[in-house]
1. Using only the alpha carbons of chain A, what is the convex hull's orientation-averaged projected area in square nanometres?
2. Would you mind checking the tilt of helix B:45-74 against the longest principal axis of the Cα atoms of chain B, expressed as 0 to 90 degrees and rounded to 10?
3. Restricting to DSSP H runs of at least four residues, report the calculated mean residue ellipticity at 222 nm for the protein assembly as shown, -39500 (n - 2.57) per run over all residues, nearest 500 deg cm²/dmol.
4. Which value, in square angstrom to the nearest 100, describes the accessible area buried between chains A and B on both sides, using a 1.4 angstrom probe?
5. Give me the percent of accessible area attributable to carbon and sulfur for the stretch A:1-83, probe 1.4 angstrom.
6. What GluC sites (Glu not before Pro) does the stretch A:184-270 have in DSSP loop regions with at most 12 other beta carbons within 10 Å?
7. Report the Rg/Rh value for the protein assembly as shown, based on alpha-carbon coordinates and the Kirkwood definition of Rh.
8. Compute accessible area for the stretch B:278-311 by itself and then with all protein chains, 1.4 Å probe, and report residues whose area falls by 40 Å² or more.
Amino acid sequence: MSATGLIAEDEPLLAASLKATLARLWPQLQIVATATHGAAAVEGALASRPDVVFLDIRMPGLSGLEVAEALAEDWPGDVPLPLIVFVTAYDQYALRAFEHAAVDYVLKPVEPERLALTCRRLQAALAARNRTTTELPGELIAALSALRSAAASAAAAPTSGAPAAVEPRLRVLQASLGATIHMVPVAAVLYFAAADKYIKVVTASREYLIRMPLRQLLQQLDPEEFWQVHRATVVRADAIATAVRDDTGKVDLTLKGHPAKLVVSRLYAHLFKAM
Amino acid sequence: MVSSVGSRATSAAGRRTGYLARALRSVGFGILIGLCIAVLRPQRVWTTLIYSVCIALVCWFFIDMGRNLVAGWVNPRNERPGWPGWRWMIAVVIVGSSLGFLGGTQLGDLLTGERTPILTGNEDLRHVFADLLFVVLPATIITYFFNARSVIADREAAAQAAQRQAAESRLRLLEAQLEPHMFFNTLANLHVLIGVDPPRAQAMLDQLIAFLRATLSGSRATEHPLRAEFSRIRDYLSLMQVRMEDRLRAHFDLPDALADVLVPPLLLQPLVENSIKHGLEPSVQGGRIEIEARQEGTTLILRVRDTGVGLGQGVENGTSFGLQQVRERLATLYGSCASLSLNAAADADGGTLAVIRMPIPAPLK
C-alpha cells in the first residue's frame, strides 16, 4: 500500500536508521519530510500532509506529545489527520499511557520485527480509514489527554523514587513593563495566551507579558479554576460567559467583562456540553 | 509472627494474631508447669493440669491487657507502643499474676466442681504465698521471654528497614548516574553504527565502557586526579556528541598545574549532565558546554557552563537530585569550606553557569 510519511527525530543517526528500516519493511511508504525538532515537525506535517507521522517523544523545542496536540488542533478540516506513532528510548510514563490507549509506539533501538508489526497495523488502519470523515477520533483525544496528565506527573517527580515536588500554587504574577515590575494577582486574571516564548496575561483592565513556558505555569494553577481550552490558551472557568458551537463543530468562548473571543480547539471541545 | 509486643508497624490483624499466639503459648506454659507440679506431687495429675492451664490463661489475660493499658496510660507516645518499661511491667506482672492466680483457681473450680480452700479463706497463708510464688515467678520469666522475642523482632525489622533504605538510595544514585533515557538512546545509536560504520561503533563502545566503568567504580573510590575527572567527562560528552552531532560543542580547560589535584570522583558529572539534559538537549540550535578549572589562592574553582535554554526553561525541572548530591558530597568532605552555586550565565550567550569552590588538598609528596 502506498502512503506518505514524516519522521521527527532529533538524533540524525537514529532518524536515518528508522528511514532505512522503514524503506525495507514498507517500500511503498514514501518519507516526504524529516524534522529534527518539534516545531519543524508541525510545520513539515502541515505542509506535506503525510498519512503517517513518527514522533520522537523527547525533542528540542516541542515534545512529540506537543507536536501531536498541535497537529490535532491545527490540522485542516478537509484532510484526515495522520496516524501517529510515538518513538521513545525510555519514557516510562508514556509507555504506561500507551498501554491504555489506541496509540502505537516503537522503542529505540528499533527492532525490525516490532516495526513490521507497526507497519501492518498502520496499513490496516489506512485501508479502513474513511476518507470522508474529518472528525477527530475519540480515542486520539483520550490518548492525548492521558499522555498529557502522565507527562505532567512525570515532570512533577523527575527522578523515580524521589519525593514528588508539588509545585506551590501561584498567587501573584510578576510582569515587567519597561523598568517597572507589575504585581498581578492570579485572582484578577481572565485568561492566559501563550505566544512564542511569552505568555500574555489578560485581566479585565489590561494586558501583561511574562516569560515562562505555558506548561510550567499550568503546574502552578488550580486546574479547577483555570481550564486549558487550546494548547496556547488557559482561561478562568468563572470568566466564561458563553460557549458557541458553530456548524463545523468549532467552539468559541465569550467572556464576562472582556470583549475577547477565545477559540476552543478540537481536543478540548468536549469540556463544553450542556448539563 | 508471635511476638508483636511493641513492634512498630503492626497492623490490627497482626496485633490480633499476636494476642492469640501469646494466649496459646501461655496455655503451653500452663501445661508445662502443671506437669512439673505433677512430677513433684504425683496425685490428681489431671486436676493439677486443669488448674495450671486455667491459672496460666487468666494470668496471660491480665498481664497482656494490663501491659497494653498501662503502656497507653503512662506513655502513649512511647518509642515501643504497648511496652510501658520494666518498672511498670513488674507491677503489672505481680498484680496480673495474683489476679490470674485467683481468677484461674475460680475457673478451675468451675470446671472441676471442686472447692479450693484459698477461695473460702480457710487456707494457711504460708501455702497461699507458696502457691502464689509458683505463679508470679513463672509469669515473670514468661513475660521476660515474650518481651525479649519482641525486642529481637523489632531490631530485625529496624535493621531490615535500614538495609532497604540503603539499597534504595544506592539504586537511585545509580539510576541518576546511568540516566536510562541517555543510556537507551546511546545504545540505539550504537546499534545503528554497528551496521553502517563499525570502526566508529567500536570507538563509541570504548567510550561507553569507560563511562560505565567510571560510573560503577565511582561510588567506591574516594578521590582521583582532576585529569581523570576531565577524561571521564570527555568520554561522556563524546557519547553525547554522537547523538547530538554539531548541536553539541565541548570545550575543556584544565591547566597543567591543576591536573594532579585530587577531587571526589565524578563530582562534575551531575553538573555536566544537567547542562546537557536541561540546557542543550531542549535547545533547538544546541550550543556549547565549557568545563574549566582555575585556582584562586588555595581554592579550586570548577566551572561548568552551557549556552542552553537557561534555568527554568527546560523540559522538566528535575535538576535538584543531581545538585543535591553534589552539595551533600561537598559538605561531607569539606564542610563549609566548599560551595556550589548555580546561576544564569551573565554574558550575551545565555545559558547556565555552575561553580564549585573547594579547598585544594595538600599535595601528596
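1. If I average the Cα hull's projected area over directions, I get 16.7 nm².
2. Approximately 50 degrees, to the nearest 10.
3. Per the formula, -16500 deg cm²/dmol.
4. By this definition, chains A and B bury close to 2600 Å².
5. The C+S portion of the solvent-accessible surface of the stretch A:1-83 is 53 percent.
6. Of the GluC sites (Glu not before Pro), the ones in loops of the stretch A:184-270 whose Cβ has at most 12 other Cβ atoms within 10 Å are A:E224.
7. 1.17
8. Residues meeting the cut-off: B:V284.
The values are calculated or read from the model by the stated rules, or taken from the named source; none is laboratory data. Every value quoted in this text rests on a predicted model; they were computed, and no experiment measured them. Neighbour counts run over all protein chains shown; Cβ positions are idealised from the backbone, glycine included. Remember, those area values only see protein heavy atoms, side chains included, never the ligands or the DNA or RNA. Shrake-Rupley method; radii C 1.70, N 1.55, O 1.52, S 1.80 Å.
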